[in-house]
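Structure first, then comments.
The values are calculated or read from the model by the stated rules, or taken from the named source; none is laboratory data. Bear in mind the structure is a predicted one, so any value in this text is a computation, not a measurement. For neighbour counting, all protein chains shown are included, and Cβ atoms are generated from backbone atoms with ideal geometry for every residue, glycine included.
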């Protein structure tokens with residue numbers, strides 16, 4: 001009886017890349033549906049109710065989900081560069097700079113259950129990261145405009161280390177992660193009536209609840 005052959009490095013890289021691409025497509029679909037629901041909520045009451053249901057269902061888990069996505073994206077980027085030996089280009093590094101801090105920020109905010117500060121400190125990173133990823137995708141589609149390698153003296157930003165399903169490349173993976181994190185942070189954005197109120201709100205409410213001094217006491 002022959003033993004099964006060990007998985008080769010190339011096969012493992014291909015399997016991991018395919019798994020990440022599949023997850024990225026799933027995230028992209030979910031974010032697109034959520035965006036359409038948010039737009040419809042501006043006009044239609046049922047859409048507003050549905051969006052409220054989504055927010056209530058995810059309440060308290062948004063930061064943990066965003067942290068999980070950021071961690072998976074970070075580990076994936078390290079796998080591709082450190083194991084697969086895919087050298088990151090200049091734009092890849094900018095996307096890493098936007099992604100890696102999110103792991104720490106979101107983890108601390110989730111542990112402390114601090115949605116307000118977690119959202120405020122983190123939300124800039126996915127916005128910037130998504131913008132860079134979109135620019136990176138444009139460079140990939142227009143390699144003749146790529147001056148990245150000349151400026152950095154390294155890998156051209158138009159290099160497609162992976163091309164899963166014929167269209168999912170590394171900046172596509174990053175864009176899906178940044179978009180999903182941004183959507184979760186927007187869902188977690190504190191609104192009036194949420195549990196984590198502004199400091200001093202509890203004291204103000206307590207003062208309102210106290211009975212006024214009676215004339216006899218005066």
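When the stretch 24-44 is limited to residues that are touching a residue at least 60 places away in the same chain (Cβ under 8 Å) and either out of contact with any helix residue (DSSP H, G or I) (no Cβ under 9 Å at 6 or more places or on another chain) or within 23 Å of residue 101 (Cα to Cα) (or both), the one that is surrounded by the fewest Cβ atoms within 10 Å (Cβ to Cβ) turns out to be 28. Among the conditions (1) more than 19 Å from residue 131 (Cβ to Cβ); (2) free of Cβ contacts under 8 Å to residues at least 24 places away in the same chain, residue 96 misses just one, which is (1).
The residue list 43, 31, 54 contains one member that is assigned to a loop (DSSP other than H, G, I, E, B) and either at pLDDT 95 or above or at negative phi (or both), which is 43. Would you mention how many residues in the stretch 156-187 are within 18 Å of residue 96 (Cβ to Cβ) and either in contact (Cβ under 8 Å) with a residue 40 or more places away in the chain or part of a strand (DSSP E or B) (or both)? Matching residues across the stretch 156-187 total 18. Scanning the stretch 20-33 for residues that are over 14 Å from the mean Cα position of the chain (by Cα) and over 14 Å from residue 172 (Cβ atoms) yields one hit, 33. Restricting the stretch 139-154 to residues that are buried (at least 17 other Cβ atoms within 10 Å of the Cβ) and modelled with pLDDT under 90 leaves a set whose member that is farthest from residue 94 (Cα to Cα) is 146. Within the stretch 45-77, the set of residues being more than 17 Å from residue 110 (Cα to Cα) and touching a helix residue (DSSP H, G or I) at 6+ places or on another chain (Cβ under 9 Å) comprises 46, 47, 48, 49, 50, 51, 52, 54, 73, 74, 76, 77.
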